[in-house]
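Visitor: After the structure tokens below, expect a handful of questions from me.
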Amino acid sequence: MWCFPYTIWIMDFILDNFEEFIWDEGNEQKSFLKHGIVPLEAEEAFFNPNFISADDTHSQNEQRYRLLGRTDSRKVLIIAFTIRSNKARIISSRLANKKERILYDQALKANS
């Protein structure tokens with residue numbers, strides 16, 4: 001279940017203190033080969049309307065987040081990422097499924 005309690009302060013933190021994106025080469029290739037998402041598309045979703053929630057189920061070593069956002073070409077994506085030294089490390093990116101796209105549209109309407 002998605003909830004977005006961190007949206008405002010996390011995005012403020014990222015954008016106010018942001019330096020760059022970092023990608024693990026294997027994850028970058030996997031996102032493209034498995035999901036057809038190139039790094040630029042995933043990065044665009046950080047700067048277009050998006051919603052972020054904590055992802056507490058996938059890592060015990062560092063705080064992870066999920067971003068539900070869209071690219072400049074209006075693809076709705078799910079992106080898993082973490083913050084390391086003012087850098088957004090993208091772990092994975094994929095196209096949102098139908099339920100996630102509906103959730104994105106509903107969240108946009110509720111927050112406009």
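Nothing in this text is a laboratory measurement; each read-out follows from the coordinates by a stated rule. Just so we're clear, the structure is a prediction, and the values are computed from it rather than from any experiment. When we count neighbours, we look across all protein chains shown, and the Cβ atoms used for this are built from the backbone with ideal geometry, even at glycine.
Visitor: Taking 0.36 nm per intervening residue step and subtracting the Cα-Cα distance, what contour gain separates residue 62 from residue 40 on full extension?
Guide: 5.5 nm
Visitor: Here's a follow-up. Starting with the fewest neighbours, write out 67, 95, 103 ranked by other beta-carbon atoms found within 10 Å of each beta-carbon.
Guide: Result, fewest neighbours first: 95, 103, 67.
Visitor: Determine the percent antiparallel among the DSSP beta bridges restricted to segment 7-110, to the nearest 5.
Guide: Around 85 percent antiparallel, to the nearest 5.
Visitor: In nm, what is the difference between 0.36 nm times the number of residues separating residue 19 and residue 102 and their Cα-Cα distance?
Guide: Result for the pair: 26.7 nm of gain on full extension.
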